[in-house]
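Worksheet for the structure shown next.
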Amino acid sequence: MIAFLLQLKLGELFDPSKPIPFAVLLLLIGSSLLSWSIIFAKFGLLKRATAANKAFLRAFRKATGFDTIAAAAEQNATAPMVVVFDFGYAEVERQARGRNQIRNKPMIERNLQLGISEEIQKLERNMNWLATIASVTPFIGLFGTVWGIIGAFEALSMSASVSLRTVGPGIAEALIATGAGLAAAIPAAIAYNYLGGQIKDIGNRMEDFALEFMNLVERSFEG
């Protein structure tokens, strides 16, 4: 049985004259390609974001004042923490302008949270596609499997003799659909969980940075 499946020509599996199996395979292949493109893009994005965050955080902790940090922010503009800093710093400047005094610290904290939310949304962009591919493609593959088995039984009912040649193509289509569905779903599920953990870690670090930012505000304006 396995040897026969291996001997099948690809043309028998990717046959446009069989629209349903053909559409199922094309959909699964397209889903897999979309999944991998998102995975590679996210890996690169998160790697760059993590490195930029570390560089900016080192500069932030060494800085003696907001002016120095603002210069460091320009050099690490791709860091998510820089966006959080910009949100908080804009409110600090507004409150301290002409008075050199902070009047509303909760407003600064809310601005920092807005910055964190904005960056998390950017990092999570297209992650819903990975979740959808991971959850839906096995069912699409199952549909292709059922359709292939139905075709195999129809071929068997119209055949005068029972042989592997009669039912083989339909079974092959069913098995290929199952394998393609799993091949699309498994990497997407693994990447969704792994990348989601990375994004959560970056979010936690931005929350910690917001606390450090508020500590700097208190030292600068209440010390």
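Derivation of every value follows stated rules applied to the coordinates shown; laboratory data play no part. Nothing here was measured: the structure is a model prediction, and the numbers come from that model. Cβ coordinates were reconstructed from backbone atoms using ideal geometry, including for glycine residues, and neighbour counts include every protein chain displayed.
Between Lys105 and Ala131, what is 0.36 nm times their sequence separation minus the Cα-Cα distance? Round to one decimal in nm. Spell out each step's value before the answer.
Values: separation 26, 0.36 × 26 = 9.36 nm, distance 3.84 nm.
Result: 5.5 nm gained on full extension.
Average projection, convex hull of the Cα set of region 10-222: 14.7 square nanometres.
Report the calculated FRET efficiency for Gln121 and Ile150 (r = Cβ-Cβ distance, R0 = 35 Å), to the nearest 0.05. Before the final figure, lay out each step's value.
Numbers: r = 44 Å, r/R0 = 1.26.
That pair, Gln121 with Ile150, gives E of 0.20.
Once you sort the root eigenvalues of the Cα gyration tensor of region 108-153 as a ≥ b ≥ c, which label holds: rounded (a/c under 1.5), prolate (a/b larger than b/c) or oblate (the other case)? Because a/c hits 1.5 or more and a/b exceeds b/c, region 108-153 counts as prolate. Taken one residue at a time, the phi angles of region 177-186 give Karplus couplings (6.51, -1.76, 1.60, θ = phi - 60°) of 4, 4, x, 5, x, 5, 5, 7, 7, 5 Hz. Gly and Pro are set to x. Under 5 Å from the amide H of Glu124 lies no amide H of any residue 5 or more positions distant or on a separate chain, with H modelled from the backbone and absent for Pro and chain starts. Between Phe40 and Phe139, the modelled label-to-label distance comes to 3.0 nm, taking each label 7 Å out from Cα in the direction of the beta carbon. Ignoring lysines fewer than eight residues from Lys18 along the same chain, the ones with Cα atoms less than 29 angstrom from its Cα are Lys9.
When the listed pairs Lys47/Lys200; Lys62/Lys105; Lys62/Lys122; Lys42/Lys200; Lys105/Lys200 are checked against a 19 Å cut-off, the alpha-carbon distance exceeds it for Lys62/Lys105; Lys62/Lys122; Lys105/Lys200.
Backbone N atoms of region 82-117 closer than 17 Å to the 7 Å Cα→Cβ label point of Glu74 belong to residues 82-83, 85-87, 89-90.
In which sequence would Glu124, Glu91, Glu74 go, from the one with the fewest C-beta neighbours within 10 Å to the one with the most? Can you show the working numbers first?
Numbers: Glu124 15, Glu91 20, Glu74 8.
Result, fewest neighbours first: Glu74, Glu124, Glu91.
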